[in-house]
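Comments concern the structure below.
Taken together, the values in this text are just the output of simple stated rules run on the coordinates, not laboratory data. Here the structure is a predicted model, which is why all the values come from computation and not from measurement. Ideal geometry is used to build each Cβ from the backbone, glycine not excepted, and the neighbour counts take in all protein chains shown.
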Amino acid sequence: MSETDNDLRELYQDMILDHGKRPRNFHVIDPADCEAVGHNPLCGDKLVLFLRVGEDGRIADAAFQGTGCAISVASASMMTEMLKGKTAAEAKKLWAYFEAVCKSNATPADMTEGLAEDDIDRLQALSGVRHYPVRVKCATLAWRTLESALDPKAVKKVATE
């Protein structure tokens, strides 16, 4: 592994630890337009996701509460930061991209089209979990919960078993 790769990995680890210890948007939105509960029974991670959607159809506010490992909390914290100002379609595109990078080293270039470079960088910080299959569920819990929150027909309780 090159020195640049090591520096990048360290930066990503620092970002995950920072969000894990000091999560952003860790509060209840009341009233919320969309809400869902996510639970990973294998490790005990549990969160409630709250979204407020503006009249323009964009996510005006995103927040969460819950408990979990550093990766789960960091992922939820980073996700809620990225969601603000996005439409449901843009949020789903971010989730599709993140799911792809968590499962593979290669991501189709067309998946990045329309995504902000900053969002791609943040999701890359979490993508290292692909080397640890058990941790993928931790990193994707908030995103699976988002998927449920955005779907009016979905069950509002998600498990990542």
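Pick from N105, N40, N25: which residue has the top mean-square fluctuation in a GNM of the chain where Cα pairs under 10 Å get a spring? Result for the chain, Cα springs under 10 Å: N105 fluctuates most. Evaluated with a Cβ-only charge set (Lys, Arg +1; Asp, Glu -1), segment 3-154 carries a dipole of roughly 620 debye about its Cα centre, given to the nearest 20. The residues neighbouring A109, those whose beta-carbon lies less than 15 Å from its own, together hold a net charge of -2 under the Lys/Arg +1, Asp/Glu -1 convention.
Across the options P41, S104, M82, the greatest Cα extent toward the positive end of the charge dipole of the chain (unit charges at beta carbon of Lys, Arg, Asp, Glu) belongs to P41.
Spin-label model, A96/K21: points 7 Å from Cα along the beta carbon direction are separated by 3.7 nm.
Taking 0.36 nm per residue of separation and subtracting the current Cα-Cα distance, fully stretching the chain between T112 and E10 would add 34.3 nm.
Summing charges over neighbours of A139, with a neighbour being any other residue whose Cβ is under 13 Å away from its Cβ, gives +4 when K and R count +1 and D and E count -1. Listing L17, L123 from fewest to most neighbouring C-beta atoms within 10 Å gives L17, L123.
Note on segment 50-161: Lys pairs 8 or more places apart or on different chains, Cα atoms under 22 Å apart, count 18.
Put in order of Cβ neighbour count within 10 Å, fewest first, the listed residues M79, M111 become M111, M79.
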